[in-house]
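Novice: Below you'll find the structure I mean.
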Amino acid sequence: MRPLSSACMSASATLPHTTMGSKIVNNTATQIERVEAALASFEWYGKDKHLDYAIETCLEDVDPIPLPDERDTQYPQWAILRARCLRLRFDREGSQDDIDTSRQLLEAIQQHPHLDRANRIEVLFRLGEVHYTLFDAYCDHASTDRAYTFFSDALSVASEQGEPIKLFDEIRYRFARCLSARATLRREEAHFSQAVEILEELIARRDYNDPLRINALQTLSVAFYLRYYVSPQKPESLLTQCEKNAREALELSANLRCRPYVFSVLSSVLRQRYLRHPAADLIHEASELGEQGATLVLRSQWLRAIDRRLLTDFGDMLKDARTVEGTLETMRKAAHYERLALTGVHPTTRKLPYARCVMNACITFCNLCEEGGDPKHADEAVTYGNEALRYFPAQAEQLTVILAALGWSYGLRYSHYGDDKDFKHAISFMEQASERSKNKNVEWAECGMPELHRNLGFLYDQKFRRNRQATDLERAIEFGQLCVDLDPVGNRKPSYLSQVGERLLYRYELTGNTDDLVKSISSAEASLSLSNSSGYQRHTILVRYARSLRRRYEVAKDPRDIQLAIICIAEALERYEKTSFAHRTPYLSELAAAHQARYDHSGDPRDLRAALDTYEIASTNLSAAIKDRIEAARAGGILAYRTNCVWAAAKGFCTAVALLPRLAWIGMNTRDRQKKVTFATGLLACNAAAAAIEIRNPEHAVELLEHGRSIIWRSILDLRTDIQELTAAHPPLAAELLVVAQALEYDEVEAPEGTPELEEERSQRRRRLAERWEDIVNQVRELEGFESFLEPPRYDKLQQAAHDGPVVIINVSEYRTDAMVITATEPLVQIPLPDLPCQDINALAYAWQHQTLKYPKDGEGSRCVDQVLQHICRRLWDGGFGHIAAVLKEMKAGHKNGDFRVWLMPTGMLSLLPIHCAGPCQPNAFGMYDFITSYTGTLSSLLYARGTSATYNNAGYRMLAIAQPKVANFPILRCIEQEIGTLLHSAFAPNMTFLSEGETTVSRFVAELPQHEWLHCCSHATWNSADPLDSAFCLKDGKVTLSSIVGLHLRTAQFAFLSACHTARQTSLLPDESMHLAAGMQVSGFRGVLATQWAMADQDGPTLTRVFYDYLTKDARPPEARNAAHALHLALRHFRLRDIPMYRWASFVHFGI
């Protein structure tokens, strides 16, 4: 890079205005001078058109590597110019071919037999530039060594006797840059000193406005900064010298190419000053300077490697700025610049620079996710972190940083989705970072370990919030205290203290120990005393403090506490009053809780109104996490119901129920959705229905129960919705919807665990597919005639589920219990059941599921089970099922066509009880067992089963019969042979595929099932109350789990006879989700299922099979799934007439049509 002399300036001024089509006609000195001036203009001033002119002049129609020609005396000069053009084009545009050709061309020139001294020096110099440019682009340490050698050789030759070399100062300037970089990499103080000495001499001697002098000022400031950065003592005098030179360079560099980098180094210096002495004005000025530099580099058509580093550094600086400004917008801006830095970069050729960019992006998106609450940013952070880990060398110092950041990114995602794999990844990466920090990167250990401990504390905090295990909370408190003890940077201490205080409050709420409440408030107050009015996460600190004050108010009733709590939350909310902010909803909920606490103590209706209004506002914040919005709406509903504001209660509960399907988002796999629903729903839908009944709108109660129950299964069935009408009206949209639905269904199928990379790719792919699914569904709803596409069905449609007989919904809420009898044409009949309160039903369910069904199945145990079962049935009958039966009996009397059937839809813990056999349990006494009863989880599933009948080919009824009597750790099922023998003599025999023992493999079962309409399965089955998706049929080589069954899509399936234990047994964790094998068979496509609510007796299988199929095919009629309920009813009456104990026959139940 040669400074512009007056002659060069003159030549530059005479560059042709039109450069297209220029050729090398005569190799004249004037042309060489013009090209040199053009290249200098680009290098000093960044004039792209001048580089374009030089490239066109030197390279067009010319072999880029001509052989040395002794006859051409000007060949070396032109060849050097071509090499310079190629190097500068590589520096600008990044083509590897250009830099390789430049190097090869210069190496070829070295072989020229008659190189004069000046050209020999320039060739060495330009080779040094090539290798330093490679270092700039790739961070290749070996390139600095090669550049150092060439620059040294050039200076050595130039120092020999002879005419002065006009490039001498420029070579020394480049050599000083190389020395500074080499000193940083090697930690060599001597090289720093030599670089500083050369630069200071150049600055002192060159003209004041000379571009080389100004660049030397910028390079000198960088040298001082790098010297400070690698120095263990971190002397502030180096920052002072750095700032002084950078400010002078900034003043003089208005038109120079180096100006953005002057902004950048000055911004970095001020950032380091801020880290030493936290002062808002320092970081604000650093932010402004950094943004000016970033703006300048983004004006260019190309981003150079150094430009990307500048953008990344600016993003880093903004991460520190947020600790003062504390605004979400700061982090969004940082993420924007980090993305720009990665635009167009190629990881395969620029591994280390790319790794550094994605490492910084990972950290930025972690910050953005934490501050903004958008789980997509956690996904981005994980992606960037894994990319950085992939491309960093194993011994790189930054590896500790990326391990810590990657662990944090997984931890943040765990906080949103609750995937245990994310928790394990987070712990693993953070522990690796902690281990590496013991031996490497002492500087990071000092500053990074407090953050690492903070993130570990956050991780265990999130785990505690999910499972309420005290051990997790203790780990969270332990790590939080380590942050406080180790933090060397004062501006983070307020946040650390606040987190400790919050966790101490959790422990108080868990144990009731008031010492923890006192310590919590003390930590919060210490945190606030260290936090300025615009400090990092001050809004969070304020709300945590307010929550502790509210808890103390609930104990001590000091009105000053609750007033201060309200003031603190108001200040926190004011900070994000005009922006979308995920944390706004929990802050509003805490404000509502404060008003609620004061209302509970004072009875002031203004506080009640404020609490209800604030809960409502909190639930409607579209930027908030769904779980936070649900909690706000639920809390408002509970408060309103308790204070007899039933209309407000109905509104709050309705809002919460409407959000439930989004909580169990289709973007998560079924198992993760199950966890979400387990910890979040409770009796929400039932309480919402109770509020609707309270305001005399039972039809809306039915809609709410339909929308808020069986959420997981309904989301799967939505993917299988009939789109024939949409296909006819809008084929492209329908086609894409189908493709996305099929991809989501395919992704739902459980696959063997692959590499972490494949699992990560799969989980993110699913989330992106789910987002696209939602986008398409919203597009469809904007079309005329499709406004209600996949919307929750209205009552008039749900009523059609009672087409073949009444449906009885029994809603059990915390407030009331009601039965609602739905018929296809008549108004809904509501039957209050005040004698069956929720507490009594819960007690009955607990006694039955957790005590009675555990009795041994010997003679004495069986008698006890039968006694308890009859007691439960009588209690249900006396509590209100007698009234229900009376209404049904009256309906039956008016029924004229065909069998009178009844569908039962219990809710809450009532789903765990055998309501189909409620009755007096006396000989010849009328009871629910006298009706042909079926169960249904939802009205929609019943409608779906009826809707699939058109796909059934009535010409055939192929049956798959499974017989697996022997399973490890289970008793032998000795009656299976007799049961299957019955089938072999039934009407199904000609079309039956029979798999026994050695043939009953999981793969064979899954392969055969779609080929048959009917299934008869005799085997053991397992019931997993803690994880119902692991409930399974036991076959020869493994289990067919519920999670794998729902992944099947059986388009012609009709009926499944599950002759196995516990196939319709509900779990108390998810009573409203129908998480059992029978429901799974319905989701997979079966229109009807015969199953067991508890263990069946082996000897009952053959009898039930014979009687059931005899009735089903009576008078040689073809078997139909719609007749199965009647056949089961008659078969069970056969058991009752033979005095079979109730616990044996009552276990068998029918689901579906």
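Novice: Order the peptides 101-114, 399-412 from the highest to the lowest mean number of other Cβ atoms within 10 Å of their residues. Intermediate results must be reported in sequence, preceding the final value.
Specialist: Numbers: 101-114: 17.5, 399-412: 27.1.
Descending packing order for the listed peptides: 399-412, 101-114.
Novice: Please report the antiparallel percentage of the DSSP beta bridges confined to region 810-939, to the nearest 5.
Specialist: 60
Novice: How large is the helix-only mean residue ellipticity at 222 nm for the chain, computed as the sum of -39500 (n - 2.57) over DSSP H runs with n ≥ 4, divided by its residue count, in deg cm²/dmol to the nearest 500?
Specialist: Details: 48 runs with 719 residues, N = 1153.
Calculated mean residue ellipticity at 222 nm is -20500 deg cm²/dmol.
Novice: How high is the relative contact order of the chain? Use alpha-carbon pairs under 8 Å, at least six apart in sequence, and give a whole percent.
Specialist: It rounds to 5 percent for the chain.
Novice: Please list, or write none, the lysines whose alpha carbon is within less than 24 Å of the alpha carbon of residue 557, excluding same-chain residues fewer than 8 places away.
Specialist: Straight-distance partners of residue 557: 519.
Novice: Projected onto the charge dipole of the chain (+1 at Lys/Arg Cβ, -1 at Asp/Glu Cβ, origin at the Cα centre), which of 1153, 517, 657 gives the Cα projection farthest towards the positive end?
Specialist: Among 1153, 517, 657, the one farthest towards the positive end of the dipole of the chain is 1153.
Novice: In region 1023-1082, which trypsin sites (Lys or Arg not before Pro) fall in coil by DSSP and have 14 or fewer other Cβ atoms within 10 Å? Before the final figure, lay out the partial values.
Specialist: Working: sites: 1036, 1039, 1051, 1065; in loops: 1036, 1051, 1065.
Of the trypsin sites (Lys or Arg not before Pro), the ones in loops of region 1023-1082 whose Cβ has at most 14 other Cβ atoms within 10 Å are 1051.
Novice: Based only on Cα atoms, what mean projected area does the convex hull of region 949-1080 have, in nm²? Don't skip to the answer; put the middle values down first.
Specialist: On the way: hull surface 33.5 nm².
Mean orientational projected area (region 949-1080, Cα hull): 8.4 nm².
Novice: Can you tell me the convex hull volume per residue for region 220-379, based on C-alpha atoms, in Å³ to the nearest whole number?
Specialist: Measuring per residue, one finds 121 Å³ for the Cα hull of region 220-379.
Novice: With every protein chain present, what is the per residue accessible area of the chain (1.4 Å probe, Å²)? Walk me through the numbers before you get to the answer.
Specialist: Details: 46630 Å² over 1153 residues.
In whole numbers, the chain has 40 Å² accessible per residue.
Novice: Taking a quarter of the surface of the Cα convex hull of the chain, what do you get in nm²?
Specialist: With the hull built on Cα positions only, its mean projection is 55.1 nm².
Novice: Equivalent ellipsoid semi-axes for region 810-939, as square roots of 5 times the alpha carbon gyration tensor eigenvalues: give them largest first, rounded to whole Å.
Specialist: Over the Cα atoms of region 810-939, the semi-axes work out to 26, 18, 13 Å.
Novice: Straight-line reach only, C-alpha to C-alpha below 19 angstrom: list the aspartates and glutamates that residue 493 could link to, leaving out same-chain residues fewer than 8 apart.
Specialist: 320, 325, 370, 371, 443, 446, 451, 461, 478, 485, 502, 525
Novice: Out of all DSSP beta bridges in the chain, what portion is antiparallel? Express it as a percent rounded to 5. Before the final figure, lay out each step's value.
Specialist: Values: 21 of 48 bridges.
Counting only bridges with both partners in the chain, antiparallel ones make up about 45 percent.
Novice: Okay, moving on. Using DSSP to call loops (not H, G, I, E or B), can you name the trypsin sites (Lys or Arg not before Pro) in region 124-169 whose Cβ has at most 14 other Cβ atoms within 10 angstrom?
Specialist: Hits after loop and neighbour filter: 166.
Novice: Something else now. What's the magnitude of the charge dipole for region 942-1152 around its Cα centre, counting Lys and Arg as +1 and Asp and Glu as -1 at the beta-carbon? Answer in Debye, nearest 20.
Specialist: Details: 18 positive and 17 negative charges, 87 e Å.
Its charge dipole is roughly 420 debye.
Novice: Over 22 Å between Cα atoms: which of 966/1039; 675/797; 676/797; 463/675; 424/675 fall into that group?
Specialist: Distance filter (> 22 Å) returns 675/797; 676/797.
Novice: Between residue 247 and residue 197, what length in nm is gained on full extension when 0.36 nm per residue of separation is reduced by their alpha carbon distance?
Specialist: Extra length from residue 247 to residue 197 when fully extended: 16.0 nm.
Novice: Taking the Cα centre of the chain as origin, sum charge times position over the Cβ atoms of Lys and Arg (+1) and Asp and Glu (-1), and report the length of that vector in debye to the nearest 20.
Specialist: Details: 131 positive and 147 negative charges, 359 e Å.
Approximately 1720 debye in magnitude.
Novice: If you take the beta carbon distance between residue 604 and residue 794 as r and set R0 to 51 Å, what does 1/(1 + (r/R0)^6) give as a FRET efficiency, to the nearest 0.05?
Specialist: With a Förster radius of 51 Å, E is 0.80.
Novice: Along the charge dipole of the chain, Cβ charges K/R +1 and D/E -1, which of 630, 926, 595 sits furthest on the positive end?
Specialist: About the Cα centre, the residue reaching furthest to the positive side is 926.
Novice: Still on this structure, please answer the following. For region 145-292, place one equal point scatterer on every Cα, skip the solvent, and apply the Debye formula. What is log10 of I(q)/I(0) at q = 0.17 Å⁻¹?
Specialist: -0.96
Novice: While we're looking at this one, here's another question. Restricting to DSSP loop positions (anything but H, G, I, E, B) with no more than 12 other Cβ atoms inside 10 Å of their own Cβ, which GluC sites (Glu not before Pro) remain in region 762-811?
Specialist: For GluC sites (Glu not before Pro) across region 762-811 that sit outside H, G, I, E and B with at most 12 neighbouring Cβ atoms in 10 Å, the list reads 782, 784, 787.
Novice: Also, quick follow-up: About the Cα centre of region 810-939, what is the dipole size in debye to 20, counting +1 per Lys and Arg Cβ and -1 per Asp and Glu Cβ, all else neutral?
Specialist: Values: 10 positive and 12 negative charges, 40 e Å.
About 200 debye.
Novice: Take region 187-241, compute every pairwise Cα distance, and split them into 5 Å bins from 0; I just need the percent in each bin.
Specialist: Pairs per bin, as whole percents: 4, 21, 28, 23, 14, 7, 3, 0.
The values are calculated or read from the model by the stated rules, or taken from the named source; none is laboratory data. This is a predicted model, so every value here is computed, not measured. Cβ atoms come from the backbone with ideal geometry, glycine included; neighbour counts cover every protein chain shown. Please note that ligands, DNA and RNA were not included when accessible areas were found on the heavy atoms of the full protein model with its side chains. Shrake-Rupley method; radii C 1.70, N 1.55, O 1.52, S 1.80 Å.
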